[in-house]
1. Could you give me the residue pairs with C-beta distances under 6 Å whose first residue belongs to the stretch 62-78 and is touching a residue at least 40 places away in the same chain (Cβ under 8 Å), whose second residue is part of a loop (DSSP other than H, G, I, E, B) wherever it lies, and which are 6+ apart or on separate chains?
2. For Val207, only one of the following conditions fails: (1) buried (at least 18 other Cβ atoms within 10 Å of the Cβ); (2) in contact (Cβ under 8 Å) with a residue 40 or more places away in the chain. What is its number?
3. Considering only residues of the stretch 210-228 that are surrounded by fewer than 17 Cβ atoms within 10 Å (Cβ to Cβ) and among the charged types (D, E, K, R), which is nearest to Gly113 (Cα to Cα)?
4. List the pairs whose first member sits in the stretch 170-186 and is without any contact (Cβ under 8 Å) to a residue 12 or more places away in the chain, whose second member is of a type outside the set (Phe, Trp, Tyr) and surrounded by fewer than 19 Cβ atoms within 10 Å (Cβ to Cβ), and whose Cβ atoms are under 7 Å apart, counting only residues at least 6 apart or on separate chains?
5. Give the residues of the stretch 52-67 that are in a strand (DSSP E or B) and at pLDDT 85 or above, sorted by residue number.
6. Name the residue, out of Ala138, Ala163, that is closer than 30 Å to Gly76 by Cβ, touching a helix residue (DSSP H, G or I) at 6+ places or on another chain (Cβ under 6 Å) and not polar (S, T, N, Q).
7. Regarding Arg82, is this residue assigned by TED's automatic domain parsing to the domain that holds Arg20, within 24 Å of the chain's Cα centre (by Cα) and touching a residue at least 12 places away in the same chain (Cβ under 8 Å)?
8. If you scan the stretch 139-180, which residues turn out to be buried (at least 17 other Cβ atoms within 10 Å of the Cβ), of a type in the set (Val, Ile, Thr) and closer than 29 Å to Ile36 by Cα?
Amino acid sequence: MLLALLPSLSVAETHVPAGRLIEVAQARLQSRAEGIPAEWQFIPSGTPMASAVVADGELGIEAGDVDGAWPRSRVGMPVTLRVDGAIAQTRMVWFTTRAWRDVHVYAHDYRSGEAGDDLRTVTRRVDIAAEGGEEVVAADVLAPVPRGYRLLRDVRAGQPVLARDLGPMPAVARNTRVALQVRRAGLALSIAALARDDGAVGESVRVLPQGATQWIRAAVTGRNEVTIEN
């Protein structure tokens, strides 16, 4: 994106102050941030050296793109000096980024595998540049944890809710109680069991029947239900 174009300069006049490099880089960052509602701050990390281009011609200044995750707390913005369209010099200008926004945070500590219905959240203003960027669930989302989802990692109270924290609850979830149906020779028996694995309908998982000491395999046949047939 071409952000500035200076008139033709002689060799002795091709001097670009550090403040101009920062200004061009900041303008590009502000443009990059427009798609995310937040209170943005771009704080220069130190002062870059002024640039001098030894060439005659029309001098232009342009800022590049942000590589990697966005937003994040520390970001480098490449600023390129061109003479008559040809690259003469590139400088990296560094910033500390802040993006304040009201988001959902966990009300308590939770362990991986916790059912979504059991998760409680509150809203808090946080710097999303330091806390997961665009994956942070904003406060205006009415259902931060969709029904039928579960937690995929351990979290602490006060941590922002991230989209990647949550995944669909499988038909059978590891470390949960299931109903084990045993069918043999026309007889059917149902007992409680503990599932050791996640499983979708049709998959095989390990379960520990109540009162047993050895894990056995059973087919997932429904929500919180597994079956052994002989």
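The values are calculated or read from the model by the stated rules, or taken from the named source; none is laboratory data. In this text the structure is predicted, and so the values were computed from the model without any measurement. Neighbour counts are summed over all protein chains in view; Cβ atoms, including those assigned to glycine, are modelled from backbone coordinates with ideal geometry.
1. Close Cβ pairs (under 6 Å, with a partner that is part of a loop (DSSP other than H, G, I, E, B)) amount to Pro71/Ala129; Arg72/Ala129; Ser73/Ala129; Ser73/Ala130; Val75/Val66.
2. Among (1) buried (at least 18 other Cβ atoms within 10 Å of the Cβ); (2) in contact (Cβ under 8 Å) with a residue 40 or more places away in the chain, Val207 violates only (2).
3. Arg223
4. Cβ pairs passing all conditions: none.
5. Gly60, Ile61, Glu62, Ala63
6. Ala163
7. no
8. The answer is Val145, Val155, Val161.
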